[in-house]
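Right, one structure below, let's go through it.
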Amino acid sequence: MVYLTRKTEFSASHFYHNPEFTPEENQRVFGKCNNPNGHGHNYTLEVTVKGAVDPKSGFVVDLKQLKDVMGREVLDAFDHRFLNKEVPEFLTKIPTTENLAIAIWQRLAPKLNAAQLHRVRVYETPDLFVDFYGENFHAKDFHGGA
Amino acid sequence: MKAHLTRRYMFSASHRLHSDKLSAEENRATYGKCNNPYGHGHNYTVEITVSGPVDEQTGMVCNLVDLDGFVRSEILERYDHQNLNLLREFAKEVPTTENLCIAIYEIVTRGFRHAHLEKVRIEETMMNSFEYRGEE
Ligand SMILES: [Zn+2]
């Protein structure tokens, strides 16, 4: 088994708000991130796939294909968007880094034919990142998506 | 759905690698420049990785305010701008970054209640890093 990681970047804005909380609870739990006008980040996304090395090509996965899928499924939807308002998953889910990693997993996993998705890592800043390995993943709990 | 969250912190501290169990020559042979009697310092980067279910209400593994607050009061306050050799945990242990990893792991795993500690990783310089995940 060989692991291959492809990195990309996107910039997007978001804010954190739970409509079931009172304004005070929202403020207490989410702090500055609760500002409804949003704020932005330069996100870095690392997608790691795993698989056997194809004896003919010497590849785990066709990098061109992986790059295209990441572009189509993630960058086209997320880059230079206000996540809360423009990305279907985040009309109902709070666009935390955790939920971004899960949403990206959900978008990519069914689209990778040859290789298997191993890890989605999302950096919100260089000092904060989330890894999602598909543990306890239930697509039905996570509506939206393409 | 379970996710892993990693946060990076920095602190600066000095240390001298010297073992009372070794002779002066053995100390020099083992630790080289790191055995110089007055010590030297590093800018340490500490990565704390915690895991847990993503809370339905908040979308979070744990609130960063809780993690940052804990690390500030229990780790950074303790180690930043200190001489590691003078701290209680290094009275008998050599303050290598291996032992520092274990010391920080023990503090977080005992004291932090908001998520499960997966691992502690420390970069001593840009060239060296160390990880501890507890005893398997
Ligand atoms: Zn933010």
Quiz item: Between residues in the range A:7-26 that are within 28 Å of A:LEU63 (Cα to Cα) and in contact (Cβ under 8 Å) with a residue 60 or more places away in the chain and residues that are within 16 Å of the ligand (Cβ to nearest atom) and of a type in the set (A, V, I, L, M, F, W, C), which pairs lie under 7 Å by C-beta distance while being six or more apart or on different chains?
Solution: A:THR8/A:LEU45; A:PHE10/A:LEU45; A:PHE10/A:PHE78; A:ALA12/A:PHE78; A:ALA12/A:LEU83
Quiz item: Which of (1) within 14 Å of another protein chain (Cβ to nearest Cβ); (2) within 16 Å of the ligand (Cβ to nearest atom); (3) out of contact with any strand residue (DSSP E or B) (no Cβ under 7 Å at 6 or more places or on another chain) does A:LYS85 not meet, given it meets every other one?
Solution: (1)
Self-check item: Options B:PRO95, B:PRO53; residue that is more than 14 Å from every other protein chain (Cβ to nearest Cβ) and either closer than 27 Å to A:GLU135 by Cβ or not aliphatic (A, V, I, L, M) (or both)
Solution: B:PRO95
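Looking at the range B:1-19 only, could you name the residues that are assigned to a loop (DSSP other than H, G, I, E, B) and in contact (Cβ under 8 Å) with a residue 60 or more places away in the chain? It would help to see each step written out before you state the result.
Quick first cut of the range B:1-19, residues assigned to a loop (DSSP other than H, G, I, E, B) only: B:1, B:16-19.
Within the range B:1-19, B:ARG16, B:LEU17, B:HIS18, B:SER19 qualify.
Please specify each residue of the range B:52-70 satisfying the condition of being on the phi > 0 side of the Ramachandran plot and not in a strand (DSSP E or B). Reasoning before the result, please.
Going through the range B:52-70, the residues on the phi > 0 side of the Ramachandran plot turn out to be B:52, B:59.
Across the range B:52-70, the qualifying residue is only B:GLY59.
For the range A:1-35, which residues satisfy the criterion of being within 13 Å of the ligand (Cβ to nearest atom) and either assigned to a loop (DSSP other than H, G, I, E, B) or at negative phi (or both)? Spell out the reasoning first.
Looking only at the range A:1-35, we keep the residues that are within 13 Å of the ligand (Cβ to nearest atom), and these are A:11-17, A:30-35.
Selection gives A:SER11, A:ALA12, A:SER13, A:HIS14, A:PHE15, A:TYR16, A:HIS17, A:PHE30, A:LYS32, A:CYS33, A:ASN34, A:ASN35.
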Quiz prompt | The lone exception for B:TYR38 - which of (1) within 11 Å of another protein chain (Cβ to nearest Cβ); (2) in a loop (DSSP other than H, G, I, E, B) it fails | solution = (1)
Quiz item: Residues of the range A:47-69 being more than 15 Å from A:TYR3 (Cβ to Cβ) and under 20 Å from the mean Cα position of the chain (by Cα), which ones?
Solution: A:LYS64, A:GLN65, A:LYS67, A:ASP68, A:VAL69
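Suppose we keep only residues that are more than 16 Å from the ligand (Cβ to nearest atom) and under 22 Å from A:GLY134 (Cα atoms) within the range A:36-57. Which one would you say is surrounded by the fewest Cβ atoms within 10 Å (Cβ to Cβ)? Before you say what the answer is, go through the steps one by one.
Step one: of the range A:36-57, the residues more than 16 Å from the ligand (Cβ to nearest atom) are A:46-57.
Then drop every residue that is not under 22 Å from A:GLY134 (Cα atoms), which leaves A:46-52.
Values: A:GLU46: 15, A:VAL47: 24, A:THR48: 17, A:VAL49: 21, A:LYS50: 15, A:GLY51: 17, A:ALA52: 10.
Once the filter is applied, the top-ranked residue is A:ALA52.
Rule-based calculations on the coordinates, nothing more; no lab input. For clarity, every value in this text was computed on a predicted model and none was experimentally measured. Ideal geometry is used to build each Cβ from the backbone, glycine not excepted, and the neighbour counts take in all protein chains shown.
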